[in-house]
1. Label-point separation (nm) for A:Ser239 and A:Ala152, each offset 7 Å from Cα along Cα-to-Cβ?
2. Using the basic label-point model (7 angstrom from Cα toward the beta carbon), what is the A:Asp324 to A:Ser443 distance in nanometres?
3. Once amide H atoms are placed 1.01 Å from N in the peptide plane, what residues at a sequence separation of 5 or more from A:Ala184, or on another chain, have their amide H within under 5 Å of its amide H?
4. Scan region A:159-255 for trypsin sites (Lys or Arg not before Pro) in coil per DSSP, keeping those whose Cβ has at most 10 other Cβ atoms within 10 Å, and list them by number.
5. As a quick test, which of the pairs A:Lys441/A:Lys466; A:Lys153/A:Lys466; A:Lys276/A:Lys403 have an alpha carbon distance above 25 angstrom in this structure?
6. Mind giving me the FRET efficiency for A:Ala50 and A:Arg424? R0 is 22 Å, r the Cβ-Cβ distance, nearest 0.05 is fine.
7. Does region B:164-232 classify as rounded, prolate or oblate by the C-alpha gyration tensor (a ≥ b ≥ c root eigenvalues; a/c under 1.5 gives rounded; else a/b over b/c gives prolate, otherwise oblate)?
8. Could you provide, to the nearest whole Å², the per residue accessible area of region B:164-232 with probe 1.4 Å?
Amino acid sequence: MDSSAESGDGSSSQGSSSPAHEVEKIKMNDIMDEESDDEFPSSMPSEQVALQQKLATAKAISPRYSDPDIMRAFYQRLYPFRFLFRWLNHSPKPSKDFTFREFAFTLQNDAYLRFQSFPTGDLLRKQCISMTPTRFEIGPVYSSNPRDRKLAKNTSEFKPLTRELVFDVDMDDYDSLRTCCQGAKVCSKCWAFLTMAIQVLDTSLRDDFGYEHILWVYSGRRGVHAWVCDRKARELDDSKRKAIAGYMELLKGGDQSGKKVNIKRPLHPHLQRSLKLLEPHFGKTILTEQDTWRHSSKADHLLSLLPPSAATLRIALQEAWASDPSRTGRQKWDDITDLAKKGAGGLDLDTKALHHTQQDIVLEYTYPRLDAAVSRARNHLLKAPFCVHPGTGRVCVPIDPDKAAEFDPTGVPVVTELLEEIDRWEAGEGDEESKVPDWDKTSLKPYVGFFKDFVTRLEKDETVGKKREREDVGESMEF
Amino acid sequence: MIRHDYNRIDPKRRPYDFKKKQFAQAEYKQQDYAHRLNFYTLPPTAEITLEQFEEWAIQRLKILAELETCTFRNKTFEETTDYISKLLEKHLPLHANSSRSTTLQDERRRDHYSHFILRLAFSRSADLRARFARLESALFRIRLRTDDTRERQAFIDSLDLQWEKVGVEERRELAAELGAVLTQGLNNKRAAQQAAEEEMWVKVDWEQVPELVESRRVFVKKGKAYVPGKEQTSLVVGEFTRRLEAALDLTSKALPGLDEDDRLTPILNHLSNSFTTPDAAYSSDTPVDGLGAPTADQVDALSKHFPLCMKEMHIALRRDAKLKYDGREQYSVFLKGLGLSLPEALTFWRRSFRTTTDDDFNKNYRYNVRWQYGDVGGDANRRAHGRAPKSCQRLLTEPLPKPGQTHGCPYRTYARENLERALKDDMGVRDPQVLAQVRDDVGRQRYHVACNRVFEHLHAREIKKVKDENIWGAAELDTILHPNTYFKRSFLLKQLGQGGGSGAAIEVKREQDETMVD
Ligand SMILES: [Zn+2]
């Protein structure tokens, strides 16, 4: 959840009054009501120069990716508002799916502006250009216009109706497993944890629940979001969201709760399939690349997960590993299996129980660690795709789940570079009158293209669904 | 807890006419009840007296309130069934046909009417509706499970539920998956698959059985849940809940038109008012005697009176110089309940996050503290003076913490070794007998019993004293159900134990006022 992690918005499900979101401030509504119009002559020469300087500064010294001028240029030229509108609106003409949808802006002064809504996608674009938010978030579709929420007489007149089913996986929760990076850093090695999460969740959402329109988005630093956009998923009430989140959630307990995976056998088909999918990752990531158990403190944790009946085995391993500090994680893992086979000094160890424990450990180290609170309630706000992460400058691009393993977070376009790419392209082509959209002049092109295809497929399904509905109504009218 | 404050309203014996007032098209006659159980699809149509109207509703309400208490105390389904069955026998008996009781029809009529009266009373707010649906479903589940097997099947058949049966071929094809679902705990693969093929399976939209999906007790494929026969009761209860929720929604929309009979309004209001929320148990407005207004500096000293949940939070905060959101929320409102003012709270948190910069603190944490005090936020939040301190029930029913977090009730969230370590090191409980009893309580999921046990152990001397000297009555020594009650009682007891000078328990000197002004 990156920057919003500490704001804890996930834990409140009380609609309009979650603490982090009701932020203090500024009567922005006053400003907003006087429509900002086209007050921003798009590319005044002097502004151009200022922007050039900013870009240079942003690159040279401490980057300020969310500088107002950079953000304005980004929203003006690169943000794919057109497809965002189509994505949320589900039909060509503006519908309530879009107009009653909540947007929340984080402004330059860190003020947080909730309950924004827009009659058209273009007006959303205009407000972004005029206010240059560092990012904006998407909430639910409400039963009435979010801007008019104060007119509602009671809570049933203003309540969240629909919303994509969302999932949030953050590298934060893998910190105890990573050895390559810590904190905000992420590299392609530890990204593997999120690849696993995408594969497990995506497979389950499609095969088990039958959803088809699942948009995976990079959060800009070290997390991923999933937006399940099928109409059936959007219409789930909170109790069903809680159920699906519970189905997906496996690791139980906080730092003090010991072994976090304790599941009955035989494994549920979803877990059986996930285990199969994760086993090769476990070998590659945990045993080889991260070599998680090389350090004795981490190896101690591994030992603590062994069943109580393996006390003798545990002591034997502890001694063996202490006398040979060079043993790798993989060797230690194999030691458990080998010693158990040999009977480890005549103890009567239940090899089946040990095998199950090893499966549990594989899952504890590789199964997706969800922030389930995010999925449970419709009114949770989630950063919109294609926003810029203020810390890294990287754009929150979509990820193709079929190619999740190839995704490299360190190769994701950075806003300042994108703006320079436009300039370079224009310098090269020199054709100011060209109809080529700005994003096509940059390395953002494939991502926008992917998003467009996604939206088109979704729209097609929506129209088919609506047509069928109309026919059903037609039939029943004959009675 | 729920107040059982049912004042009688003068009985007016003029009969209340259900037919005319609400269900004008319904047939006016006494219904005949073939089954013990009822989906409450049809409203009652015969007349009853106002006295019956009120009395029946109150009897049912008592049952629902007791049911809620059971969930609160984390009783298992079996324990709850056991306990409630006795009460049902007394207040709301409902016998099977096989009992050959002569009052069968009367019992069923009472059950039918009282359900519909409460439906009226509790359809006024979304909160009440949700609670009513939850408790009625729990009651229905108990009755369904305890029903005579043959009569239950007859009842289920009478419902004409449209479930798609899973054919032999599909069962064979999915034998491995179905077997895994059916026989969790049974390890013979072959036997499991055989059992799966022979089981009666139905296929429904997964959304019809969310609780079975959540606990992975069904096989889910392409949006369909495959439900084994043994979970059929879940399906029936699910259907019951779904229909009841829909009906409550309809009733709430029709409500304004139902208020014509002004004899009913006070009764209905009274019924719904007596169903007060159990969470509002601790008021932070009442100061603790002898404590006055504690300051940020005093929290360390006061922490010796904290229950384990808050003690752990305090220790984690001191150790890590930070606390995740859920932990902060839980701990902050607890301190607020102690009487820590907003400026003191801000001082406390600012200092506790000692490795965080001012800028970061102001940006990320300050607002939340102010929000919890109702200093900022929407009208509702300000009016309510922010968040109320969380009760044990809240802590016990919230989702479990995830990696990196420490909030919640440690009796519930900690692994056994860690719990014992915490009790020994952090609370100073060393008596092996007490530890063994706590282990037993926790094993039976009686977390609050374990916590109360620890309290009684740590305050044994003082409790004895106030009992012996008759200073405190039973009410003051009732089971603790709120972390702030734990603190308050501990603080007061230790003070009494010390001969009770006011403020004697606090050894910390007050530093100069260092308020953080907004
Ligand atoms: Zn890394």
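The values are calculated or read from the model by the stated rules, or taken from the named source; none is laboratory data. This one's a predicted model, so the numbers in the text were calculated from it and none came from an experiment. Counting neighbours? That spans all protein chains shown, and the Cβs are built from the backbone with ideal geometry, glycine included. Note: areas computed on protein heavy atoms with side chains; ligands, DNA, RNA excluded. Shrake-Rupley method; radii C 1.70, N 1.55, O 1.52, S 1.80 Å.
1. Result for the modelled spin labels: 2.0 nm.
2. 4.5 nm
3. Those lying under 5 Å, H to H, from A:Ala184: there are none.
4. none
5. Over 25 Å Cα-Cα: A:Lys441/A:Lys466; A:Lys153/A:Lys466.
6. Efficiency, rounded to the nearest 0.05: 0.70.
7. oblate
8. 49 Å²
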